[in-house]
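**Q** Handing you a structure now.
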Amino acid sequence: MINRTNLAKSERRILRNREKIKSCKIGFFINASKKGAHCGTVYMRVTIGKNRGELSTGIFVDDRTNWNPQTATIEGNQPHTLFLNQLKSEVEVIFTERFVTQRSLEPRVILQILAGLRGHDVTLPTVLQGIDKMIDQTNQRVGTEIGKATLKAYKTYKERITEFFDYANYGHYMSYEQIKPALASELMIYLKNKRRYSQNYSIKVFQFLRSSINFAVAYEWIDRNPLAQVRLKKEYKAIQALNEKQIQSCIDATFVSTALQKVRDIFIFQCFTGLAYTDVRELKTSQIFQTEKGEYYIEKPRKKTNVVQFIPLLEPALAILANYEKDNCRKHGLLLPVPSNAKMNQYLKDIQDILGIRERLHTHLARKTCTTLFIINGVPQATTCQVMGFSLQMMEKHYLSIRKDIIINDVNNAFKGKFEVYRNDQNSSNQEAV
């Protein structure tokens, strides 16, 4: 027995509505055939509350006058009449069993069970229970396929979805059968208006919910994903990055605090290698290699995507590594003494204030700065993607605005002087003609 005192208001309302449904209405009707209105196939209609579902019985009636809709009997055809009564009894049994065990009472589900298209020997989980199971499986993949940050994000998304269910009066007992495509719009409105989240973060929460429903489809808790065709548009903002002058001012700066000095060095190292915070924190001596010509490079899979990055080490990066050859971090096989991400960002904010840089300094800004430096200095797109570890499509989508000047210069240089000769020849010929 459910203890109502521990339930939310929305959940108590759902239980009250459930208790109002004491039975289901079962009826039969003839769906007119193409041969005429006098004959047709007998259909069963199940109505529970405001929902209903229909299913063909496969019985064809040649003469409608022999059909009695009140008693669901076919005059002169006792076997078919008994079959219809048997179907009605089976639906009542299925409904009673699902009602007692508090499972979904969707008429469509009951008719599918009747037709043998699905079973109900196992209690179907609610949406939130399904999300919990998906998170449990994700937890088992931490360290091998995904990182801890991804698991933490999934748990946060689940909290937001739970809050939305309470806000929209869906409650914690919401079943997969209750999900409609309109739920996407309701969720986005809640996240953007009530939680004040951005468009892109709200889309992440929605995509997590949609993935959890795909997870349910794989376990056959639901036949299809009602949110599969929902398309939401992301907002793409202009890339923020430091220019060469700002980078040089950061390199030339002298700090009294050794902590600021270390954070500055790590940030500059990221600016010339494109390594994300997690990757630079876990950078090991075993991931540094040397070519036959004596040039050093980094080769390691990116933590986030597992895509291998091939990063030639430029002089500024090599100089920073040389400064920490005797640091305690080398005893643990690490190349740089990287503090926590929170401390890094806190110290970077102090550096920003000291140097008077307008852009907000944070660890990920270094990665964007590296990409921008490569593009501005004419490094080919394919090479930049190999160093940064992302696709050409992603680069063109996010960094097109930075490449505009380069594209203009490339096109102008390609056609420079080619049509001036033709124009001069034309002018000279015109002068001769005159």
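**Q** Put a dot 7 Å past each Cα toward the Cβ at Arg360 and Gln129; how far apart are the dots in nm?
**A** It is 4.2 nm.
**Q** Please compute the modelled spin-label separation between Thr96 and Val308, points set 7 Å along Cα→Cβ, answer in nm with one decimal.
**A** 6.6 nm
**Q** Bin all alpha-carbon pair distances of the chain at 20 Å intervals from 0 and give each bin's fraction as a whole percent.
**A** 18, 34, 25, 17, 6, 0
**Q** Also, quick follow-up: What pairs in Lys158/Lys349; Lys148/Lys194; Lys194/Lys234 have C-alpha atoms more than 26 Å from each other?
**A** Lys158/Lys349; Lys148/Lys194
**Q** Rounded to the nearest 0.05, what FRET efficiency do Arg108 and Ala32 have when you use their Cβ-Cβ distance and R0 = 25 Å?
**A** The calculated FRET efficiency here is 0.65.
**Q** Could you tell me which of Ile288, Ile351, Tyr157 has its Cα farthest along the dipole of the chain towards the positive end, charges placed at Cβ (Lys, Arg +1; Asp, Glu -1), taken about the Cα centre?
**A** It is Tyr157.
**Q** Nearest 0.05, what FRET efficiency do Lys343 and Val217 give at R0 = 51 Å with Cβ-Cβ as r?
**A** Calculated transfer efficiency: 0.75.
**Q** If you don't mind, another one. Under 5 Å between amide H atoms, partner at least 5 residues away or on a different chain: which partners does Ile59 have, H built in plane at 1.01 Å?
**A** Val42
**Q** Another question, if that's okay. Got a sec to turn the phi values of segment 162-175 into Karplus ³J(HN,Hα) couplings, 6.51 cos²θ - 1.76 cosθ + 1.60 with θ = phi - 60°, whole Hz, x for Gly and Pro?
**A** Values per residue, Gly and Pro as x: 4, 4, 5, 4, 5, 5, 8, 6, 7, x, 6, 9, 4, 9 Hz.
**Q** Still on this model: What is the spin-label model distance, in nm, from Leu318 to Glu244 if the labels are put 7 Å beyond Cα along the C-beta direction?
**A** 2.0 nm
**Q** Consider all pairwise Cα distances in segment 212-284 and report the whole-number % of them above 18 Å.
**A** Tail of the P(r) past 18 Å holds 65 percent of the pairs.
**Q** Sequence-distant or interchain residues sharing an amide H contact under 5 Å with Thr73, placed H: which?
**A** Asn68
**Q** Oh, and also: Is the shape of segment 244-403 best called rounded, prolate or oblate, per the rule: a/c under 1.5 gives rounded, else a/b larger than b/c gives prolate, else oblate, with a ≥ b ≥ c the square roots of the Cα gyration tensor eigenvalues?
**A** The shape class here is oblate.
**Q** Quick one: grab the alpha carbon gyration tensor of segment 23-114, order the square roots of its eigenvalues as a ≥ b ≥ c, and give me rounded if a/c is under 1.5, else prolate or oblate depending on whether a/b is larger than b/c.
**A** Because a/c hits 1.5 or more and a/b exceeds b/c, segment 23-114 counts as prolate.
**Q** Taking R0 as 56 Å, what FRET efficiency do you get between Arg45 and Thr285 from their Cβ-Cβ distance, rounded to the nearest 0.05?
**A** Here the calculated transfer efficiency is 0.15.
**Q** Nearest 500 deg cm²/dmol is fine: what mean residue ellipticity at 222 nm does the chain get from its DSSP H runs of n ≥ 4 alone, each adding -39,500 (n - 2.57), divided by its residue count?
**A** The helix contribution divided over the chain gives -16000 deg cm²/dmol.
**Q** Moving on. Using the Karplus equation 6.51 cos²θ - 1.76 cosθ + 1.60 (θ = phi - 60°), what ³J(HN,Hα) coupling, rounded to whole Hz, does each residue of segment 28-34 give in order, writing x for Gly and Pro?
**A** Karplus-based 3J(HN,Hα) across segment 28-34 equals 10, 8, 9, 8, 4, 8, 5 Hz.
**Q** Under the 0.36 nm per residue contour assumption, what length would be gained going from the current alpha-carbon distance of Asp410 and Thr383 to full extension?
**A** The Asp410-Thr383 span can extend by a further 8.0 nm.
**Q** Please compute the Kirkwood hydrodynamic radius of segment 127-218 from all pairs of different C-alpha atoms, in Å with one decimal.
**A** 13.6 Å
Rule-based calculations on the coordinates, nothing more; no lab input. Remember, predicted model here, so these are calculated numbers, not experimental data. Backbone-built Cβ (ideal geometry, glycine too); neighbour counts: all protein chains shown.
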